[in-house]
Amino acid sequence: MAKKKWFASMIALIMALSLIVTACSGKKEAAESSGEQPASTGTAGSNTGEQPPDKVTFRIFNGVAGEKDVNTNETTIGKMLEDQTGVNFKIEHLVGDLNTKIGTMVAANEYPDVIIPDAGINQLLDAGAFIDLTDLIEKYGPNIKRVYEPYFNLMKAEDGGIYFLPFSTVVNGYIPDPNINQGAFWVQRRVLEWAGYPKINKVDDYFKLIEDFIKAHPNEKLTGFVTLTHDWRFFATTNVPNHLAGYPNDGEVMVDMQTHEAKIYAGTDYEKRWFKLLNEINAKGLFDKSSFVDNYDQYIAKLTSHKVLGFFDYGWQIGSAQNALMDAAKTDPSQDGYRYFPLPVTFDGGKDQYLDPPGFVNNRGFGITVSAKDPVRIIQFVDNLLKEENQILVKWGVEGETYLKDENGRMYRTQEMIDKMNQKFLEDYGFTVFDWDWPQYGTNSTLADGNAASPGLQPEVFQLSLTEADKKILSAYGVKTYAEMFAPPDNRPWFPAWGIQKEQGSPPQIFEARKTELQRKYIPELVLSDPAKFEDVWTKYTTELNKLDIAGYQQWYTERIKEVVAKAQGK
């Protein structure tokens, strides 16, 4: 199950950076290819004098719900790419259950040209739905080789084939994210202002702050805390004990930094402590009971309602809510207090690890299917997309329209450019279409000249994008970026553990499915039951959980992690 679409890099990780930071999702590309054909350095959309290719439309299925279906050529960027290549993509997003949708495709053995299957990738790989890209890359992909070659060994399946292109490549240098697009405990800004900008590092203090604010505002009909449980996004609820214990988003496990041993946190005292806290705030009337039935759209609507004070989630996953609140605050600055501020909360106020270290996600990606009518045209489009000038196009836009360069070659955006980048502009221009779900320079990449590949990570853009309200609250906490609120990430060569491939039907995959079934059954009861019955429900839950092969799962993960570490160390 996806744990963030870690993405960096997570739906809208790059969107969140471009929207939240520049409108307030990795690596870099070398100027030369890997001894192959040189990367193009011309201007995106330039006229080379060649006869434009015949136009064609390919179908893409994206296994993420809640996004708009679109033809790429209906956007500014997509039209420019169509002018270069003759290729348009009709993108269709998930409606309903992902496994059911993919199961229907597999049963019929009929697929769209391209699938970006998110958590359903193993089901498609097992069905042989994707073609091997190795020969296509060799013949038509000099830019693909330049970007992905350092990762080829990690991308290869057991048979040596490459069946999809991941999204998290590191190209050139690494730039840290000044924003928070990973996990955090979020709270309305007005709550912090009301309390005099207190330093909140302990989860108990976080809930006490919310409780005190509600008591002081009895007539506003406020909700203290919500959590997201819908479909594959359930991890926004189950991951929390891991983060409160001071670990990053490695998925289902905590990994020891010295021994590299993996242990689950489900059923541990960490998980018990978290759900007991939710049980207590529910008893106080601070928890939204609808959290266990609301879908994702309802959740986002609540975050933009001005009534929800706090929640835990990943920045990439709440981008649409943050952008809507930000757009409203730009129109009416008095509404800035309804925007959310990230806090690095742990159980006991110790070192947090919410910020992701550099990593490589290899269980999500862009695959060409066996039904594709012209795989060569598709791979040629991808190769063209990975030219540096086109990575600038899809991330920065067009020079003079959506960015400028100073006398030192530094890329930046004017305040006027930033102000116009509301949600509609970003959609129409194509920034939200060409974000996470394409082969790309990963979010934290740099360009060949040292500029950030993603505008939100360019220091000049981030600082200029800050409103006076942003500067005020950051100054109150003695920082210049949101990331400075959080501890720097420790290096973890295996990160993220959830990105390690598991075959459909394998023991670790079955363990995770059964564990999730138990959590879906018992977590609502743990949170919503009478506090006097919490211990009994916990005992029932852990009794069932302990019947699963926990030891085998942990051993499998430990072995895989040690293998990745050995590869990273050149062994």
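The values are calculated or read from the model by the stated rules, or taken from the named source; none is laboratory data. Everything quoted here is computed from the prediction, not taken from an experiment. In this analysis, Cβ positions are derived from the backbone assuming ideal geometry, glycine residues included, and neighbour counts consider all displayed protein chains. These area figures cover heavy atoms from the full protein model, side chains too; ligands, DNA and RNA do not enter into them. Shrake-Rupley method; radii C 1.70, N 1.55, O 1.52, S 1.80 Å.
Observations on the model:
- Hey, residue 223 polar (S, T, N, Q) and surrounded by fewer than 23 Cβ atoms within 10 Å (Cβ to Cβ) or not: yes
- Checked against the criterion of being touching a strand residue (DSSP E or B) at 6+ places or on another chain (Cβ under 8 Å), polar (S, T, N, Q), in a helix (DSSP H, G or I) and closer than 22 Å to residue 351 by Cβ, the candidates 242, 249 yield just one match: 242.
- Taken together, the residues in segment 467-507 that are part of a loop (DSSP other than H, G, I, E, B), among the charged types (D, E, K, R) and open to solvent by less than 70 Å² (accessible area, probe 1.4 Å) amount to 3.
- Flag for residue 180 being in contact with a helix residue (DSSP H, G or I) (Cβ under 7 Å, 6 or more places away or on another chain), assigned to a helix (DSSP H, G or I) and crowded, with 22+ Cβ neighbours inside 10 Å: no
Results for (1) among the aliphatic types (A, V, I, L, M); (2) under 20 Å from the mean Cα position of the chain (by Cα), shown as yes or no for each residue.
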{"site": "462", "(1), (2)": "no, yes"}
{"site": "466", "(1), (2)": "yes, no"}
{"site": "472", "(1), (2)": "no, no"}
{"site": "479", "(1), (2)": "yes, no"}
{"site": "483", "(1), (2)": "yes, yes"}
{"site": "487", "(1), (2)": "yes, yes"}
{"site": "496", "(1), (2)": "no, yes"}
{"site": "508", "(1), (2)": "no, no"}
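- Taken together, the residues in segment 341-376 that are open to solvent by 10 Å² or more (accessible area, probe 1.4 Å) and hydroxyl-bearing (Ser, Thr, Tyr) amount to 1.
- Some residue of segment 236-254 being surrounded by fewer than 17 Cβ atoms within 10 Å (Cβ to Cβ), over 15 Å from residue 314 (Cβ atoms) and not aromatic (Phe, Trp, Tyr): no
Matching residues to (1) closer than 20 Å to residue 168 by Cα; (2) aliphatic (A, V, I, L, M); (3) surrounded by fewer than 21 Cβ atoms within 10 Å (Cβ to Cβ):
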residue: 74; (1), (2), (3): no, no, yes
residue: 87; (1), (2), (3): no, yes, no
residue: 108; (1), (2), (3): no, yes, yes
residue: 129; (1), (2), (3): no, yes, no
residue: 143; (1), (2), (3): yes, no, no
residue: 148; (1), (2), (3): yes, no, no
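- Residue-level analysis places residue 556 outside the set of residues that are open to solvent by less than 20 Å² (accessible area, probe 1.4 Å), out of contact with any Phe, Trp or Tyr (no Cβ under 7 Å at 6 or more places or on another chain) and within 30 Å of residue 442 (Cα to Cα).
- Within segment 168-204, being of a type in the set (A, V, I, L, M), in contact with a strand residue (DSSP E or B) (Cβ under 8 Å, 6 or more places away or on another chain) and either farther than 16 Å from residue 484 by Cα or modelled with pLDDT of 95 or more (or both) holds for 171, 184, 187, 191, 192, 200, 203.
- Checking residue 174 against (1) touching a helix residue (DSSP H, G or I) at 6+ places or on another chain (Cβ under 9 Å); (2) part of a loop (DSSP other than H, G, I, E, B), the condition it does not meet: (1)
- The condition of being open to solvent by 10 Å² or more (accessible area, probe 1.4 Å), of a type in the set (Lys, Arg) and assigned to a loop (DSSP other than H, G, I, E, B) holds for only one of 101, 79, 68, that being 68.
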